[in-house]
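Values in this text are rule-based calculations from the coordinates and carry no lab data. Predicted, not measured: the structure shown is a model, and the values here were computed from it.
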Amino acid sequence: MQKITDYFKNYVPSIKITTSKNIDLLNKLIDGENVSDRDIDNPELAHFCAVYYEINYNLILAIRYYLLAIENANVESMHMLAELYRKQKNYDLAERYHLAAIEHKHVGSMYRLSTLVRKNKRKFG
């Protein structure tokens, strides 16, 4: 677990991984081993795979796994995907996913969306 915590500490402040299967698969991923899609069977694992791929600049897979986690109502993935789109200056999709996270009372998305509105001087919603 320490290896996972060290790897993600700058991207996910408090790591709470709930199953040993998820820990095993994340260790494999960090060690450079292939993990198949059929192994990613829960939103928590999909979220951490997305973060891993974002850290490693594979944005196609990052988006894929964020969306998989979002399909299962992972609110943090909504926020993180919105941030990925914001960094790419895709403000329409950033707005979409921040609003989705805000519906679930995600405070970080509330702040980021207000920042986007101020910086871009445009109306959202």
Would you mind calculating the relative contact order of region 26-66 from Cα pairs under 8 angstrom and at least 6 residues apart, reporting the percent as a whole number?
33
If you take the C-alpha gyration tensor of region 1-72, multiply each eigenvalue by 5 and take the square root, what semi-axes do you get, largest first, in whole Å?
16, 14, 13
Tell me the relative contact order for the chain as a rounded percent, counting alpha carbon contacts under 8 Å between residues six or more apart.
14
Lysine pairs, Cα distance under 18 Å, 8 or more residues apart or cross-chain: how many in the chain?
10
